Amino acid sequence: MLKIGVLGLQGAVREHIQSIEACGAEGVIVKTPAQLKELDGLIIPGGESTTMRRLIDKYDFMEPLKQFAKENKPMFGTCAGLILLASEVVGYEESHVGVFDVTVERNSFGRQKESFEAELNITGVGEDFIGVFIRAPHIVEVGEDVEILSKHNGRIVAARHGHLLGCSFHPELTDDHRMTKLFLEMVQESKNNA
Ligand SMILES: NC(=O)CC[C@H](N)C(=O)O
(Lines give C-alpha, C1' and ligand atoms only; values in the text may rest on other atoms or scores of the structure.)
Protein backbone atom coordinates (compact mmCIF):
# COMPACT_ATOMS: atom_id res chain seq x y z
CA MET A 1 0.00 0.00 0.00
CA LEU A 2 1.30 3.46 -0.88
CA LYS A 3 2.20 5.62 2.09
CA ILE A 4 1.44 9.31 1.54
CA GLY A 5 2.38 12.01 4.01
CA VAL A 6 0.63 15.33 4.54
CA LEU A 7 2.82 18.04 6.02
CA GLY A 8 1.06 18.58 9.33
CA LEU A 9 2.37 21.95 10.51
CA GLN A 10 -0.68 24.05 9.61
CA GLY A 11 -3.64 24.12 7.25
CA ALA A 12 -6.09 21.62 5.75
CA VAL A 13 -4.32 18.44 6.87
CA ARG A 14 -7.10 16.11 7.96
CA GLU A 15 -9.13 16.58 4.77
CA HIS A 16 -6.17 15.46 2.67
CA ILE A 17 -5.69 12.39 4.86
CA GLN A 18 -9.36 11.50 4.32
CA SER A 19 -9.01 11.89 0.56
CA ILE A 20 -5.85 9.73 0.51
CA GLU A 21 -7.62 7.02 2.50
CA ALA A 22 -10.69 7.23 0.25
CA CYS A 23 -8.34 6.42 -2.65
CA GLY A 24 -7.05 3.30 -0.88
CA ALA A 25 -3.64 4.52 0.28
CA GLU A 26 -2.27 5.09 3.77
CA GLY A 27 -2.24 8.72 4.94
CA VAL A 28 0.29 9.92 7.50
CA ILE A 29 0.32 13.31 9.25
CA VAL A 30 3.93 14.45 9.09
CA LYS A 31 5.12 16.32 12.18
CA THR A 32 8.85 15.60 12.13
CA PRO A 33 11.45 15.51 9.31
CA ALA A 34 12.40 11.93 10.26
CA GLN A 35 8.96 10.75 9.10
CA LEU A 36 9.75 11.75 5.49
CA LYS A 37 12.03 8.73 5.07
CA GLU A 38 9.19 6.24 5.24
CA LEU A 39 6.95 8.00 2.67
CA ASP A 40 6.29 7.30 -1.01
CA GLY A 41 4.90 10.80 -1.62
CA LEU A 42 4.12 14.05 0.21
CA ILE A 43 1.29 16.59 0.06
CA ILE A 44 1.86 20.15 1.24
CA PRO A 45 -1.62 21.44 2.08
CA GLY A 46 -3.32 24.79 1.76
CA GLY A 47 -3.29 27.20 4.67
CA GLU A 48 -1.13 30.26 5.02
CA SER A 49 2.22 30.05 3.27
CA THR A 50 3.99 32.60 5.48
CA THR A 51 2.91 30.79 8.66
CA MET A 52 3.78 27.41 7.22
CA ARG A 53 7.18 28.70 6.13
CA ARG A 54 7.88 29.92 9.66
CA LEU A 55 7.03 26.47 11.03
CA ILE A 56 9.11 24.73 8.34
CA ASP A 57 12.11 26.71 9.56
CA LYS A 58 11.28 26.25 13.23
CA TYR A 59 11.05 22.45 12.92
CA ASP A 60 14.05 22.11 10.53
CA PHE A 61 12.02 20.86 7.58
CA MET A 62 13.60 22.95 4.82
CA GLU A 63 16.61 20.81 3.86
CA PRO A 64 14.74 17.50 4.27
CA LEU A 65 11.94 18.78 1.99
CA LYS A 66 14.43 19.83 -0.68
CA GLN A 67 16.14 16.46 -0.34
CA PHE A 68 12.80 14.67 -0.72
CA ALA A 69 12.24 16.36 -4.09
CA LYS A 70 15.83 15.71 -5.14
CA GLU A 71 15.31 11.99 -4.59
CA ASN A 72 12.50 12.21 -7.17
CA LYS A 73 9.85 11.47 -4.58
CA PRO A 74 6.52 12.94 -5.70
CA MET A 75 5.23 16.09 -4.03
CA PHE A 76 1.86 17.78 -4.42
CA GLY A 77 1.31 21.37 -3.28
CA THR A 78 -2.23 22.72 -2.99
CA CYS A 79 -2.84 26.46 -2.66
CA ALA A 80 -0.35 27.61 0.02
CA GLY A 81 1.47 24.33 -0.66
CA LEU A 82 1.88 25.38 -4.30
CA ILE A 83 3.38 28.69 -3.13
CA LEU A 84 5.82 26.80 -0.90
CA LEU A 85 6.97 24.52 -3.73
CA ALA A 86 7.26 27.22 -6.44
CA SER A 87 10.69 28.28 -7.67
CA GLU A 88 9.55 31.93 -7.80
CA VAL A 89 6.94 33.96 -5.93
CA VAL A 90 6.00 37.34 -7.44
CA GLY A 91 7.13 40.20 -5.17
CA TYR A 92 9.44 38.05 -3.03
CA GLU A 93 13.17 37.85 -3.45
CA GLU A 94 13.46 34.28 -2.30
CA SER A 95 11.38 31.22 -2.89
CA HIS A 96 10.56 28.73 -0.14
CA VAL A 97 11.23 25.06 -0.95
CA GLY A 98 11.68 26.26 -4.54
CA VAL A 99 11.76 22.90 -6.34
CA PHE A 100 8.79 23.35 -8.73
CA ASP A 101 9.67 25.27 -11.90
CA VAL A 102 6.77 27.75 -11.84
CA THR A 103 6.26 31.39 -10.89
CA VAL A 104 3.24 32.00 -8.65
CA GLU A 105 1.44 35.10 -7.51
CA ARG A 106 -0.28 35.09 -4.14
CA ASN A 107 -3.89 36.15 -3.48
CA SER A 108 -4.24 36.83 -7.16
CA PHE A 109 -7.95 36.53 -7.81
CA GLY A 110 -8.80 39.91 -6.30
CA ARG A 111 -10.48 41.00 -3.11
CA GLN A 112 -14.07 40.65 -4.21
CA LYS A 113 -13.27 37.09 -5.14
CA GLU A 114 -11.55 36.03 -1.94
CA SER A 115 -13.21 32.68 -2.23
CA PHE A 116 -15.19 31.04 -5.01
CA GLU A 117 -15.88 27.76 -6.74
CA ALA A 118 -15.34 27.09 -10.42
CA GLU A 119 -15.86 24.15 -12.75
CA LEU A 120 -12.53 23.07 -14.17
CA ASN A 121 -11.28 20.82 -16.94
CA ILE A 122 -8.08 19.21 -15.75
CA THR A 123 -5.79 17.16 -18.01
CA GLY A 124 -5.36 13.67 -16.58
CA VAL A 125 -8.27 14.21 -14.16
CA GLY A 126 -11.33 14.98 -16.27
CA GLU A 127 -14.07 17.53 -16.72
CA ASP A 128 -16.43 19.23 -14.30
CA PHE A 129 -14.03 19.20 -11.39
CA ILE A 130 -15.21 21.72 -8.81
CA GLY A 131 -12.22 23.80 -7.76
CA VAL A 132 -12.56 25.51 -4.38
CA PHE A 133 -10.45 28.68 -4.42
CA ILE A 134 -9.71 30.42 -1.09
CA ARG A 135 -7.47 33.50 -1.34
CA ALA A 136 -5.83 31.45 -4.03
CA PRO A 137 -2.57 31.98 -5.87
CA HIS A 138 -2.25 31.38 -9.60
CA ILE A 139 0.63 30.27 -11.77
CA VAL A 140 1.94 33.21 -13.78
CA GLU A 141 4.55 31.34 -15.76
CA VAL A 142 5.79 27.78 -16.14
CA GLY A 143 9.24 26.41 -16.99
CA GLU A 144 9.92 24.70 -20.31
CA ASP A 145 9.14 21.15 -19.24
CA VAL A 146 6.16 21.94 -17.06
CA GLU A 147 2.80 20.70 -18.30
CA ILE A 148 -0.17 23.02 -17.81
CA LEU A 149 -3.10 20.90 -16.60
CA SER A 150 -5.83 23.48 -16.10
CA LYS A 151 -6.73 27.11 -16.57
CA HIS A 152 -9.52 29.23 -15.14
CA ASN A 153 -10.34 32.52 -16.89
CA GLY A 154 -7.05 32.29 -18.74
CA ARG A 155 -5.03 31.78 -15.58
CA ILE A 156 -3.06 28.62 -14.92
CA VAL A 157 -4.44 26.85 -11.85
CA ALA A 158 -2.85 23.39 -12.10
CA ALA A 159 0.45 22.13 -13.48
CA ARG A 160 2.78 19.14 -13.38
CA HIS A 161 6.51 18.80 -13.77
CA GLY A 162 7.54 15.13 -13.70
CA HIS A 163 7.06 14.03 -10.10
CA LEU A 164 5.82 17.45 -8.93
CA LEU A 165 2.19 18.55 -8.98
CA GLY A 166 0.62 21.83 -7.92
CA CYS A 167 -2.79 23.47 -7.96
CA SER A 168 -4.28 26.80 -6.87
CA PHE A 169 -7.43 25.32 -5.42
CA HIS A 170 -8.35 22.93 -2.57
CA PRO A 171 -9.13 19.48 -4.02
CA GLU A 172 -9.47 18.04 -0.51
CA LEU A 173 -12.50 20.18 0.32
CA THR A 174 -14.90 18.29 -1.97
CA ASP A 175 -15.83 14.61 -2.19
CA ASP A 176 -14.26 14.41 -5.64
CA HIS A 177 -11.02 12.49 -5.17
CA ARG A 178 -9.85 12.51 -8.79
CA MET A 179 -7.02 14.98 -8.16
CA THR A 180 -5.69 12.90 -5.25
CA LYS A 181 -5.97 9.84 -7.51
CA LEU A 182 -3.82 11.54 -10.15
CA PHE A 183 -1.18 12.20 -7.50
CA LEU A 184 -1.33 8.59 -6.32
CA GLU A 185 -0.77 7.44 -9.93
CA MET A 186 2.32 9.65 -10.07
CA VAL A 187 3.53 8.12 -6.80
CA GLN A 188 2.95 4.57 -8.08
CA GLU A 189 4.77 5.42 -11.32
CA SER A 190 7.75 6.81 -9.48
CA LYS A 191 7.83 3.78 -7.18
CA ASN A 192 7.80 1.43 -10.19
CA ASN A 193 10.71 3.34 -11.73
CA ALA A 194 12.79 3.42 -8.53
N1 LIG B 1 -6.07 28.73 0.83
C2 LIG B 1 -4.79 28.98 0.84
O3 LIG B 1 -3.96 28.09 0.96
C4 LIG B 1 -4.45 30.42 0.77
C5 LIG B 1 -3.02 30.71 0.51
C6 LIG B 1 -2.65 32.04 1.12
N7 LIG B 1 -3.31 33.12 0.45
C8 LIG B 1 -1.14 32.21 1.10
O9 LIG B 1 -0.65 33.08 0.49
O10 LIG B 1 -0.49 31.44 1.72
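Ellipticity at 222 nm from helices only: DSSP H runs of n ≥ 4 in the chain, each -39500 (n - 2.57), divided by the residue count, give -8000 deg cm²/dmol. Proximity of backbone amide H atoms, modeled 1.01 Å from N, is registered between PHE169 and CYS79 at under 5 Å, excluding neighbours fewer than 5 places apart on the same chain.
Across the range 80-86, computed HN-Hα scalar couplings (Karplus, 6.51 cos²θ - 1.76 cosθ + 1.60, θ = phi - 60°) run 4, x, 4, 4, 5, 7, 4 Hz from first to last residue, x flagging Gly and Pro.
Going through the cross-link list LYS31/LYS73; LYS37/LYS151; LYS151/LYS181; LYS31/LYS151; LYS31/LYS66, which pairs have a Cα-Cα distance over 28 Å in this structure? Flagged as over cut-off: LYS37/LYS151; LYS31/LYS151.
Remark: the range 127-185 carries 43 Å² of accessible area per residue (probe radius 1.4 Å; ligands, DNA and RNA excluded). Summing +1 for each Lys or Arg and -1 for each Asp or Glu among the other residues whose beta-carbon sits under 14 angstrom from that of VAL30 gives +1. Percent relative contact order of the chain, based on C-alpha pairs within less than 8 angstrom and at least six residues apart? Answer for the chain is 19 percent. Between the amide H of SER108 and those of ALA136, HIS138, distances stay under 5 Å, these residues lying 5 or more places away or on another chain, with hydrogens modeled in the peptide plane. Contact order for the range 77-125, expressed relative to its length and based on alpha carbon pairs under 8 Å spaced 6+ residues apart, stands at 26 percent. When a/c reaches 1.5 or more, the comparison of a/b and b/c decides; with that in mind, is the range 83-194 rounded, prolate or oblate per its Cα gyration tensor? Here the range 83-194 falls in the oblate category.
If you take all other residues with their beta carbon under 10 Å from the beta carbon of VAL89, and give Lys and Arg +1 and Asp and Glu -1, the sum is -3. Shape of the chain from its Cα gyration tensor (a ≥ b ≥ c, root eigenvalues): rounded if a/c is under 1.5, otherwise prolate when a/b > b/c, or oblate? Rounded.
Within the shell of other residues whose beta carbon sits under 11 angstrom from the beta carbon of GLY8, the net charge comes to +2, with Lys and Arg scored +1 and Asp and Glu -1. When only alpha carbons are used to place a centre, the range 29-47 and the range 102-175 end up 22 Å from one another. Projecting the Cα atoms of VAL99, VAL13, VAL125 onto the charge dipole of the chain (Cβ charges, centred on the Cα centre) puts VAL13 farthest toward the positive pole.
Once backbone amide H atoms are built at 1.01 Å from N, ILE130 has LEU120 as its partners under 5 Å, excluding neighbours fewer than 5 places away on the same chain. Accessible surface of the chain, 1.4 Å probe: 43 percent of it comes from carbon and sulfur atoms.
The values are calculated or read from the model by the stated rules, or taken from the named source; none is laboratory data. Fair warning: this is a prediction, and the values are worked out from it, not measured in the lab. Cβ sites come from the backbone with ideal geometry, for glycine too, and all protein chains shown count toward neighbours. In case anyone asks, the SASA skips ligands and DNA or RNA and just uses the protein heavy atoms, side chains included. Shrake-Rupley method; radii C 1.70, N 1.55, O 1.52, S 1.80 Å.
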